[in-house]
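First the structure, in the form of structure tokens, and then the observations on it.
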Amino acid sequence: MPVEAHAPSEHAWYEGMVRALRRAGIGEPAIAIDLDRLEANAAALARAVPPPRRLRLVQKSLPSLALLRHVAPRMGVHGLMVFHRPFLNHYAAWAPEFDLLLGKPMPVAAAWTFYERFRPHDDFDPGQRLRWLVDTETRLAQYRDLARTRGLQMTVSIEIDIGLCRGGVREPAALEPLLAMIAAHPQQLRWGGFMGYDSFAVQAPPWTTPQRAVDEANARYRAFIVWSRGRFPQLWHDALCFNGAGSPTLTLHGADTPLNDLSAGSALVKPTDFDVPSLAALQPAALIVTPVLKVQKQLEIPFISAFSRHAGRWLPGRGQSVFVYGGRMMARPVWPPGLRTNPLYGLSSNQQLMNLPSSVPVVPDDMVLWRPTQSEAVLLQHGDLLGVRRGEVVARFAVDPG
């Protein structure tokens, strides 16, 4: 893995985070979140949403109810996008202040399990506050039958393909059988709107641009809205949710966007996969920290020990080796400077060998830092998320069960 390139100005941030974690007595892998950076990112994202549109936070990218409750009020957020059935039950039970939208179509068995485990309470009505997602007539019919069997009404949004091959209904006219089924079964089904994901637009090839790709996706989205309103006006209501965007493209939606509900999540902590021009104003806020267990003041690889000891003298940045607590991270090593994996020695989830330049002072119990490549899986891997502010660990945010 190549050495992570970062500006010298980030060195002070890494050093400050290490000092804070050392003072807190952290002795195993953990994830630290700089609360000042997190809150600054939250403010920047909230400002980027063109009014009167709403911002919806993506729960899989910030999988901690406590952390979401820390940032949501600062952003005026009342909606979450959820992708995993156990998290859905958790939020319906314990976070009734949020409106919930499924981020992917769920098997009907998962929907059935949700209702089996949901205990009705006055603060959360699934029929009004939960939008399931469907992509085909078959899945919608399954949900209709589930609703009929259980004697309930399900609000369903429809996934649409806005030209980025993400799945969903491909053309406006193909909505006909789905919206007709909803109209024919008002006791079981209520239309919740559309969802069209456009974050792949930032991967636009050289002959176009991310902004142009978003504009083209919005034109397709607008066509779905116009067609459905003209063909099924009886299904329209004020609570329809036209959701889209995503962290990389949220800032590319202007005042003319057809969306009234824009999603983002990972941008709040900005993992390395989100180092894109559209998020240049945001700062990385999350780091993985893990202690150094052992230090070898030379490079030594089994079976080629003699060669590797000498090679370490002339291989750039591989003059010494350290074994760290854990490993095989979905992350890029960033601290100390020059920290890197060794492709000959390989990776380990238990205690991974890393190389450092000989000039870098390191002893056992020092800490190394990694920037996550993503947040949605990584933030669940190391227990409570540690909130750091001004050189101190000031909060612990439990991750969601599931």
Those strands (runs of 3 or more DSSP E) lying entirely in region 145-247 with at least 2 residues in the same structural domain as Y115 (by TED's automatic domain parsing) and closer than 15 Å to T257 by Cα
189-197, 241-245
Counting only residues that are crowded, with 24+ Cβ neighbours inside 10 Å and among the hydrophobic types (A, V, I, L, M, F, W, C), which one in region 192-221 is farthest from L175 (Cα to Cα)?
A201
With L65, L55 as the choices, which residue is more than 25 Å from M367 (Cα to Cα) and in contact with an Asp or Glu (Cβ under 7 Å, 6 or more places away or on another chain)?
L65
Among the residues of region 23-32, is any in contact with a strand residue (DSSP E or B) (Cβ under 8 Å, 6 or more places away or on another chain), crowded, with 20+ Cβ neighbours inside 10 Å and in a helix (DSSP H, G or I)?
no
Can you tell me which condition T138 does not meet? The list is (1) of a type in the set (V, I, T); (2) part of a helix (DSSP H, G or I); (3) buried (at least 16 other Cβ atoms within 10 Å of the Cβ), and all the others hold.
(3)
Any chance you could count how many residues in region 88-135 are assigned to a loop (DSSP other than H, G, I, E, B), charged (D, E, K, R) and either over 17 Å from M195 (Cβ atoms) or at pLDDT below 95 (or both)?
5
Say whether the condition of being outside the structural domain of L101 (by TED's automatic domain parsing) and free of Cβ contacts under 8 Å to residues at least 12 places away in the same chain is met by at least one residue in region 252-275.
yes
Say we look at region 98-122 and pick out the residues that are closer than 21 Å to E159 by Cβ and either of a type in the set (D, E, K, R) or outside the structural domain of M81 (by TED's automatic domain parsing) (or both); which of these is surrounded by the fewest Cβ atoms within 10 Å (Cβ to Cβ)?
K104
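The values are calculated or read from the model by the stated rules, or taken from the named source; none is laboratory data. The structure displayed is predicted, hence computed values, not measured ones. A quick note on method: Cβ atoms are made from the backbone with ideal geometry, for glycine too, and the neighbour counts reach across all protein chains shown.
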